[in-house]
Structure formats: structure tokens, C-alpha cells
Amino acid sequence: MDSIQQAELETIARLAAKAWQKGIKLYFDCNDRRHYASSASTPGLLHYVTLISCDCAGFAHHGRCMHYSALQLAFLLMDSHDPEPTECPQCHDSGMVEEPRSRWVGGGHTGYRSEWTVQVPCAACQPGEVAA
């Protein structure tokens, strides 16, 4: 590791520690598959943060920030430098889920409930789609 890489890692560690001290939390939204970080200065505000940028003013001004560094450190601390797959927990990235359907067949006491499943668009992956 050269001195530039070492200095960059030290900066990431310093800013990530500052984020922790200020109570900044990282979040992953399963619906839009994005990472967010809480704001230290504006309660309730979430910053959109990636491994290459952050939408906060600090990143725009300095090219680094506490949110960005906290996310980078979180990924560096993983066993692998490749992030875990972020597949949809509902459909496992197929885009479709099985939805149970049923209806009463026959009449009165002699009837029975017929049950089956149909494939419908995953609401988590395709929130604009309406299930059939």
C-alpha cells in the first residue's frame, strides 16, 4: 500500500469515526436499493450516499464527508470487498411473486374451496405495478 492509499484510508477512518460520534446511521432501502445516511445537522433528513458520492453539502464542497466515509468503512469491514448481493427478499430478483387465490366451488354444504396461486409483479421491485 502506498502513502496515498494509506492517507486515504486514514481519512476514511477519521471521518467514519466522526460520523459514529455524531450518531450518523446508515440505512439500506430494500425498495429502491439505495443507501442513505442520517444527517448530523438536520434531524430527520436522510442523505443519499453511494460508494462514490453523497448528496450532502460537505461532499459537494470537499469531495468527501462523514456519510460517504461511514459507508465506505462499512463495506471495507465486510469479509469481502464485494458487497453482499442486494436481491429483492420478496421475489429474489425474478420480478414476479406467487399470490394465493381461492374461490368457493359448488353450492351449499357440498361445495369446497378451490385454491391456487398466480404470478403477479413484485410490489417491492415494481411499486407502480398493480397486482392482477
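The values are calculated or read from the model by the stated rules, or taken from the named source; none is laboratory data. Computed from a predicted model, the values in this text were never measured in an experiment. Virtual Cβ from ideal backbone geometry, glycine too; neighbours counted across all protein chains shown.
Key figures
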{"item": "Scan of region 52-74 for residues that are outside any loop (DSSP other than H, G, I, E, B) and surrounded by fewer than 17 Cβ atoms within 10 Å (Cβ to Cβ), ordered by number", "result": "57, 60, 61, 62, 74"}
{"item": "Pick from region 87-126, criterion among the aliphatic types (A, V, I, L, M) and either touching a His at 6+ places or on another chain (Cβ under 9 Å) or closer than 26 Å to residue 28 by Cα (or both), ranking: modelled with the lowest pLDDT", "result": "124"}
